[in-house]
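The values are calculated or read from the model by the stated rules, or taken from the named source; none is laboratory data. Nothing here was measured: the structure is a model prediction, and the numbers come from that model. All Cβ positions, glycine included, derive from the backbone under ideal geometry; neighbour counts span all protein chains shown.
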Amino acid sequence: MNLMPLSTLLTLTLCAVLSGCAVNTLFPPEIMEKVSPTFQFEAWRDAGPTNESGKSDAGIKVELGGRIVQATKNGKGIVIVAEHLPIVNHPVYGPTEDVKNTGDHEFAFLYPGELETLDLMKGNRFIIVGTTTTRRPVLVNGIPKTEPFLIADCIHVWQTGGAEIAEFKEDVGGGLSPLPEKTYCVAKK
């Protein structure tokens, strides 16, 4: 019988344990540079064009999670209106509704590139990294609104169709299939 050496077994076990605790990295490291670790969605949403100190909240690089409400193409890319959802690590990584939000959590962003049609479906979950701008007018279900707005550098989309990410299984046994997901990043000029 040919057994694996104990040192190899220990190394493999350690790697498996550490990868389970590792920070999820959906985006390239250079995209995550200068992302604000203290950004508060609610303060941004409620602040309007300036924050409490009178400074504009435009120009802050942030990471946000959410659910697609609607997506429309324009001459500059795709404008997505979304509901903000908190990003969690358990039971699975991604945006979730299991943490209750109060109040209005709608925002909009421009992804200045192309996304596949299935990734733009209402209800899909996503995480974006982008830069805040001033509020902008958007049409939401035919109604004009002014929403907090971002320009996205990258977006990671899970094709959930409105379900929780945790409802999908990673294995393909028992008739279940893995959750389709994809990361898109705009090439920097």
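Looking only at segment 115-150, residues that are outside any strand (DSSP E or B) and surrounded by fewer than 13 Cβ atoms within 10 Å (Cβ to Cβ) come to 6 in all. Residues that are part of a strand (DSSP E or B) and either surrounded by fewer than 20 Cβ atoms within 10 Å (Cβ to Cβ) or not hydroxyl-bearing (Ser, Thr, Tyr) (or both) do occur in segment 91-104. Taking segment 103-112 on its own, how many of its residues are touching a Gly at 6+ places or on another chain (Cβ under 6 Å) and among the small types (Gly, Ala, Ser)? Number of matching residues: 0.
Yes/no per residue for (1) within 20 Å of the chain's Cα centre (by Cα); (2) modelled with pLDDT of 95 or more; (3) under 27 Å from Pro28 (Cβ atoms):
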position: Gly142; (1), (2), (3): no, no, no
position: Thr160; (1), (2), (3): yes, no, yes
position: Lys169; (1), (2), (3): yes, no, no
position: Ser177; (1), (2), (3): no, no, no
position: Thr183; (1), (2), (3): yes, yes, yes
